[in-house]
Amino acid sequence: MDLQLQNKAALVTGATAGIGLAIAQELAREGAAVIITGRAQDKIERALDAIGNGAKGTVADLSNAAGTEPLLARLSRVDILVNNLGVYEPKAFMDNRYQTNSARTNRREFMTAMGLGIAATAVASSSLFNAAASGQTPGLMTKRIPRTGDVVPAIGLGSFLTFDVLPGQPRDHIREVIRRFWEGGGRVIDTSPLYGMAEVNVGDFATALGINDQMFIGNKIWSTGEYLADDSHAARSLEQSRQRLWRDQIDLMQCHSLVNVDVIVPLLRAWKKEGRIRYVGVTHHEPAYFGALARWVEQGDVDVVQVHYSIHTRMAEDRILRAAADHGTAVLVNMPLEKARLHKIVAGRPLPDFASELGIDTWAQFFLKWVISHPAVTCAIPATANPEHLLENVAAMRGPLPDHDMRVRMVRCMETIPGFDKPDRMTWYPEKTYPGVIGRAQRELRSRA
């Protein structure tokens, strides 16, 4: 039986024995990420041993609203609910409610406390990840964040240079990019204080479109301090980002390019504990620093690693992606299109005939499907300021992904194209300009130097 339950989260209540346990076992065998509940830890542990497949369990007394709190704290998303709760004390035949410790809770009240609709089969809690997955059409490629089980779409949106616009200049195209990204099923947006006006534009337009609290926003810290271990610069950066993004809590905060990493990562862990952020990450885009980046993954201190990875730049496979898989670390991929340089290389060339086997219509799909098909990759974050290019990017989340043999074939195809060995020697975004505050500052500095 193949129920196609991969990337589905299943909650089975009262599943430490009997039919509940049998259902949980079958869901796990079909590929679902199973969470069970019970009233005794020893029974849960025995049930988890029987279920296997990475199932998780929580002790929870679901007979009253207060008892659901431990479960709600752990849940981030539920696609399948199997309510196997039992009522064991005698009741009148027509009484469909039960009472425990003077707290009366009927089925509707229980479902409400759980954040679940009576008729729902795919259910979301108040988590941002649930909002991120809601409203998406069937067939959208999603990936699971290993340490929480939270699910995100496999194509996100970067903002370096592309979202940097001089104040007062036209920026409606950025609004349209974000709008189409949302409607196309995208939810993960990556930005940074270093990206000029990018934070401002993400915050303004996500808020104006009414989707800010439903996006998964990854941001960064590039900070030192007045002295060793001083966090004042980082604290000011966080507060500025919260104001620009119009966010109380930021989903992911990353140590940008490993700057001051020995101080920043512990600080990010503190912010996570304090509820200011949800995930801790580290980033780099230069292969020369991949060894240092890998060490942070191997230490197990981070939830997310962001790394440069593409059909051309594959060095991350040697150590970082392997370490991420081994240590349950999510992987964001920057520069999956090599900042438009891959498109420059294939300009005017038709897609190979075999691309149709994967439903590939554009080179953007070709390159992005190759990236997100790696099992360790969670989400690729190509940047664009062009609404039409955005649609090409998010289309990579639909249709089949290449298997190992097809990935090899795709690389060999690219190796036959002149210039494929040279994107790292080409300028970023060939024949494109982004006249934002970054470009202005760079021009002014060159003139002074």
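Could you check, for segment 249-267, whether at least one of its residues is crowded, with 18+ Cβ neighbours inside 10 Å, within 19 Å of residue 157 (Cα to Cα), in contact with a His (Cβ under 8 Å, 6 or more places away or on another chain) and assigned by TED's automatic domain parsing to the domain that holds residue 335? Scanning segment 249-267 turns up at least one residue that is crowded, with 18+ Cβ neighbours inside 10 Å, within 19 Å of residue 157 (Cα to Cα), in contact with a His (Cβ under 8 Å, 6 or more places away or on another chain) and assigned by TED's automatic domain parsing to the domain that holds residue 335. The criterion of at least 3 residues that are under 19 Å from the mean Cα position of the chain (by Cα) is met, among helices (runs of 4 or more DSSP H) falling completely within segment 188-278, by 198-208, 261-273. I need the full set of residues from segment 292-315 which are of a type in the set (Lys, Arg) and not in a loop (DSSP other than H, G, I, E, B), in order please. Within segment 292-315, 295 is the sole residue that qualifies.
Just for segment 402-435: of the residues that are among the aromatic types (Phe, Trp, Tyr) and under 29 Å from the mean Cα position of the chain (by Cα), which one is nearest to residue 169 (Cα to Cα)? Going through the qualifying residues, I end up with 434. Scanning segment 165-194 for residues that are touching a Lys or Arg at 6+ places or on another chain (Cβ under 9 Å) and not β-branched (Val, Ile, Thr) turns up 166, 181, 185, 186, 190, 192, 193, 194. Screening 405, 361 for residues that are assigned to a helix (DSSP H, G or I), assigned by TED's automatic domain parsing to the domain that holds residue 202 and surrounded by fewer than 17 Cβ atoms within 10 Å (Cβ to Cβ) leaves exactly one candidate, 405. Quick check on this structure: which one of 389, 343 is more than 24 Å from the chain's Cα centre (by Cα) and not in a loop (DSSP other than H, G, I, E, B)? After applying the criteria, what remains is 343. Entry remark, segment 1-23: residues being under 14 Å from residue 58 (Cα atoms) and either part of a loop (DSSP other than H, G, I, E, B) or small (Gly, Ala, Ser) (or both) number 5 in total. Listed by first and then second residue, the pairs linking a residue in segment 183-205 that is surrounded by fewer than 22 Cβ atoms within 10 Å (Cβ to Cβ) to a residue that is among the small types (Gly, Ala, Ser), with Cβ atoms under 7 Å apart and 6 or more places separating them unless they lie on different chains, are 193/237; 193/241; 197/436.
For the residues 369, 339, the requirement of being touching a Leu at 6+ places or on another chain (Cβ under 6 Å) and basic (Lys, Arg) singles out 369. Note on segment 224-259: residues that are among the basic types (Lys, Arg) and farther than 22 Å from residue 332 by Cβ total 1.
The values are calculated or read from the model by the stated rules, or taken from the named source; none is laboratory data. Everything numeric here is computed off the predicted structure, so don't read it as measured data. A quick note on method: Cβ atoms are made from the backbone with ideal geometry, for glycine too, and the neighbour counts reach across all protein chains shown.
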